[in-house]
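**Student:** One structure coming up, written as structure tokens, with questions to follow.
The values are calculated or read from the model by the stated rules, or taken from the named source; none is laboratory data. These figures come from a predicted structure and were not determined experimentally. Backbone-built Cβ (ideal geometry, glycine too); neighbour counts: all protein chains shown.
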Amino acid sequence: MNRFALGLMLGVCAGCAMAQANPPADKTSEAAVVEAYAAKYPECLAANNQQRWDDAVKLCSELDTVASRFVDEAKWHNEIREAYLLYGEALAFDQDVPNAIKIFHAAVALADKYLKPAAVQYGTAYYWLAFAEHGSGDRVQADADYKTAEDSFRKAIEAHPEMKEKYGKYLAKTLSYHATLLDQTGRGDEAVKLKAEAKTLDPNLDLGQGPGK
């Protein structure tokens, strides 16, 4: 399973909202969770970035446990979803794809509940779910979820044209992996169209990569 550069995650890092959190001086329960999350998040992220998957599974599982302690889901859904995505990524690349899919489903559920499809984080959640499904051999569901991710990234570009170059690379990578899936299922004509669109968005993209390659 080839790795989608974690730049995608960094670029749309929901957890970066932590940098703006200003807990009160007294150690309330919520402030304690915020503090624990802020301490564990960079450890998990670094392990994923460095592809230390055994360490990443442990550290990101701990981050996920911390995130589960947020009582107000509506307030902290970005942080909770980010923990799911990082943990799911670690599981997927540690070859525990079934559990990665479960975690990514949880991330998608939060995205569906709190985000609009034009949010780039929405597309990111669906991308990771499709990626894991593709790697598991569930090509029908992966096809559908790649499409959802692509539609989201297109809407994000439309809503934020100043971000077209950055978001366009997210879309291009998703199109490339989707094209790989189409090639694997005998839909070469459709794959050619997606590859052409991907190259338009990111001329330097290495096509032909993806789960199962």
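**Student:** Using the structure shown, decide if L194 is more than 20 Å from A119 (Cα to Cα), under 19 Å from the mean Cα position of the chain (by Cα) and not hydroxyl-bearing (S, T, Y).
**Tutor:** Details: more than 20 Å from A119 (Cα to Cα): yes; under 19 Å from the mean Cα position of the chain (by Cα): no; not hydroxyl-bearing (S, T, Y): yes.
Against the criterion (more than 20 Å from A119 (Cα to Cα), under 19 Å from the mean Cα position of the chain (by Cα) and not hydroxyl-bearing (S, T, Y)), L194 does not qualify.
**Student:** While we're on this one: List, please: which pairs have Cβ atoms under 8 Å, are six or more places apart or on different chains, and start with a residue in the stretch 163-177 that is closer than 17 Å to D206 by Cα and among the β-branched types (V, I, T) and end with one that is buried (at least 24 other Cβ atoms within 10 Å of the Cβ) and at pLDDT 95 or above?
**Tutor:** T174/G123; T174/Y127; T174/A130; T174/Y146; T174/A149; T174/F153
**Student:** OK, next. For K116, work out the one condition from (1) over 29 Å from T185 (Cβ atoms); (2) buried (at least 24 other Cβ atoms within 10 Å of the Cβ) it doesn't fulfil.
**Tutor:** Evaluating K116 over (1) over 29 Å from T185 (Cβ atoms); (2) buried (at least 24 other Cβ atoms within 10 Å of the Cβ) leaves (2) as the failure.
**Student:** Hey, another quick one. Suppose we keep only residues that are of a type in the set (G, A, S) and under 16 Å from Y170 (Cβ atoms) within the stretch 108-155. Which one would you say is nearest to the chain's Cα centre (by Cα)? Reasoning before the result, please.
**Tutor:** Kept after step one, since they are of a type in the set (G, A, S), are these residues of the stretch 108-155: 109, 111, 118-119, 123, 125, 130, 132, 135-137, 142, 144, 149, 152.
From what's left, under 16 Å from Y170 (Cβ atoms): 111, 118-119, 123, 125, 130, 149, 152.
Details: A111: 11, A118: 15, A119: 13, G123: 8, A125: 5, A130: 10, A149: 10, S152: 13 Å.
Of everything passing the filter in the stretch 108-155, A125 is nearest to the chain's Cα centre (by Cα).
**Student:** Right, another one. I'd like to know if the stretch 187-201 contains one or more residues that are at positive phi and either charged (D, E, K, R) or surrounded by fewer than 21 Cβ atoms within 10 Å (Cβ to Cβ) (or both).
**Tutor:** Taking the stretch 187-201 as the starting set, the residues that turn out to be at positive phi are none.
For the stretch 187-201, residues at positive phi and either charged (D, E, K, R) or surrounded by fewer than 21 Cβ atoms within 10 Å (Cβ to Cβ) (or both): absent.
**Student:** Identify, from the list F131, F93, F104, the residue that is farther than 27 Å from I157 by Cβ, modelled with pLDDT of 95 or more and not acidic (D, E). Quick ask: steps written out before the conclusion?
**Tutor:** On the way: F131 fails: farther than 27 Å from I157 by Cβ; F104 fails: farther than 27 Å from I157 by Cβ.
Exactly one of F131, F93, F104 is farther than 27 Å from I157 by Cβ, modelled with pLDDT of 95 or more and not acidic (D, E), namely F93.
**Student:** Just to verify a result, which residue in the stretch 164-191, among those that are basic (K, R) and in a helix (DSSP H, G or I), is nearest to G210 (Cα to Cα)? Steps first, please.
**Tutor:** Filtering the stretch 164-191 for residues basic (K, R) gives 164, 166, 169, 173, 187.
From what is left, the residues that are in a helix (DSSP H, G or I) are 164, 166, 169, 173.
On the way: K164: 23, K166: 20, K169: 15, K173: 9 Å.
My answer is K173.
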